Amino acid sequence: MRRFLLRHALLPDGWHDDVLVEVDAGGMITAVTPQSTAKDAEPVGGITLPGLPNLHSHAFQRAMAGLAERSGPAGGDSFWTWRETMYRFAARLTPEDIEAIATQLYAEMLQAGYTAVAEFHYVHHQPDGSAYDDPAELSWRVLAAADSTGIALTHLPVLYRYGGFGARAPQERQRRFLHDAPAYARLLERLAPAFRDRGDRRLGIAPHSLRAVSPELLDQALEMIDAIDNGAPVHIHIAEQTAEVEDCIAWSGRRPVEWLLDHCAVGARWCLVHATHMTDAETARLAASQAVAGLCPSTEANLGDGIFPAVSYLAQDGRFGIGSDSHIGVHAAEDLRLLEYGQRLLHRGRNLLAGRPERSTGRRLFDAACRGGAQALGLKLGAITSGCRADFVCLDEDAPALAGRRGDAALDAWIFTSTPQSPIREVYAGGRRVVENRRHVRAGDYAARYREALDRILQE
Ligand code: ZN
């Protein structure tokens, strides 16, 4: 049992001072008492927030951030030309590289205020497409990165089988990603024991997209995971690109979100990643489903995806969380800011996602992203309350950007001002202090290993 005394903290019912937080040996909170006078607790200064879950990550893509920012030989760059760069990059990675990149990334996430991540993991096999001796080799590398850094992990092995709608044959350069149903079932069974009785890990599934699975395979995958963990998280990329919407209509007569809502019992266990292109009717149905929309504003901007209909969706109590996806930006505050800024540019107004008069936009977005993120990860975290993981993000009250601010004003300053130095001074994950003085406690080791991997990969 450990005891912390938080000087000024955001709890589910608002801001409090002198909050005593008791934490068990598994890193979970057992009691929270505001206005405590406890003398024997470890003091946690500054302005303390719960850790934000990051609900969408492809860890290996961290290492190619910035490599697709030159226009191609034919011009007309798009998501699809970016994908070609990504395929070439993914083809070169060894298991050691995957671990080095994921470890560096997860340490950066912790420094940025993310204390949990849903890893949408789709590089499974050797470069020639054959399985590793242990078919879960690359999943173990991701788990090792999470364990080393302290980040909580929902692991989502991706089911990728086809190259397009209507069960089209996959492409050669997708061969590291592919499973048929029996191989995917074996992968899940092999991984399952590593997730039992862990408050900081959950195993779910990620059918890659409607173009990468058939309706039958999607149903089979749901049966497979329910046999292991009934109700475990299900994440899927959907309606990110207009070409994907057009292909889906040509295949089925329906739009992607419409098709999914018609075909599957989409509810609270589901996370629909992007869901950028929806009609008003789809937006209303998704909001009513209680599923989480997985929004990745920095990646969606980088890839030119489009703008999610957040004003309408949130007005209908739609649930959402934030992901850093391709990791072109790894910054919790920045993704929340970009979510609001996309709407401001589109609708030419301000504070569009505050939800009601005289409410802090930052507070509304932060609370909703913590709640939606925790739901999408299927883990008890994202709030400083009994039963949740002891994840604290401590802002430096002496940072000039936060001068004179407390409570929601400090949260707004963190989210909406962009300063060269992050105000995040310390981060605790599962009751363990993993970021001290703005750096992960093992940042130096991780960065050295990461640079070594990248020097080799980019010379090849
Ligand atoms: Zn993605």
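The values are calculated or read from the model by the stated rules, or taken from the named source; none is laboratory data. Quick caveat: nothing in here was measured; it's all calculated off a predicted structure. Cβ sites come from the backbone with ideal geometry, for glycine too, and all protein chains shown count toward neighbours.
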query: Within the bounds of the stretch 300-321, is there any residue that is closer than 29 Å to Q421 by Cα, touching an Asp or Glu at 6+ places or on another chain (Cβ under 6 Å) and in contact (Cβ under 8 Å) with a residue 24 or more places away in the chain?
result: no
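Considering only the stretch 262-276, state which residues are away from the ligand (no atom under 16 Å from the Cβ), touching a strand residue (DSSP E or B) at 6+ places or on another chain (Cβ under 9 Å) and without any contact (Cβ under 8 Å) to a residue 60 or more places away in the chain.
C264, V266 - these are the residues of the stretch 262-276 that are away from the ligand (no atom under 16 Å from the Cβ), touching a strand residue (DSSP E or B) at 6+ places or on another chain (Cβ under 9 Å) and without any contact (Cβ under 8 Å) to a residue 60 or more places away in the chain.
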- prompt: Taking the stated definitions as given, is G14 more than 16 Å from the ligand (Cβ to nearest atom), at pLDDT below 95 and surrounded by fewer than 23 Cβ atoms within 10 Å (Cβ to Cβ)?
  reply: no
task: Scan H331, H327 and give me the residue that is away from the ligand (no atom under 16 Å from the Cβ), over 30 Å from L20 (Cβ atoms), within 13 Å of the chain's Cα centre (by Cα) and in contact (Cβ under 8 Å) with a residue 24 or more places away in the chain.
output: H331
- prompt: Could you list, in sequence order, the residues of the stretch 68-107 that are without any contact (Cβ under 8 Å) to a residue 24 or more places away in the chain and among the aliphatic types (A, V, I, L, M)?
  reply: A68, A74
- line: Of (1) within 30 Å of I98 (Cβ to Cβ); (2) crowded, with 16+ Cβ neighbours inside 10 Å; (3) over 19 Å from the mean Cα position of the chain (by Cα), R456 satisfies every one except (2)
- request: State whether the residues of the stretch 289-312 include one that is surrounded by fewer than 23 Cβ atoms within 10 Å (Cβ to Cβ), among the hydrophobic types (A, V, I, L, M, F, W, C), in contact with a Cys (Cβ under 7 Å, 6 or more places away or on another chain) and modelled with pLDDT of 95 or more.
  value: no
task: Give R439, R451, R371 a once-over and let me know the one that is out of contact with any strand residue (DSSP E or B) (no Cβ under 8 Å at 6 or more places or on another chain), basic (K, R) and free of Cβ contacts under 8 Å to residues at least 60 places away in the same chain.
output: R451
message: Step by step: first the residues of the stretch 390-417, then only those that are surrounded by 15 or more Cβ atoms within 10 Å (Cβ to Cβ) and among the acidic types (D, E), then the one that is nearest to K380 (Cα to Cα). Which residue is that?
response: D391
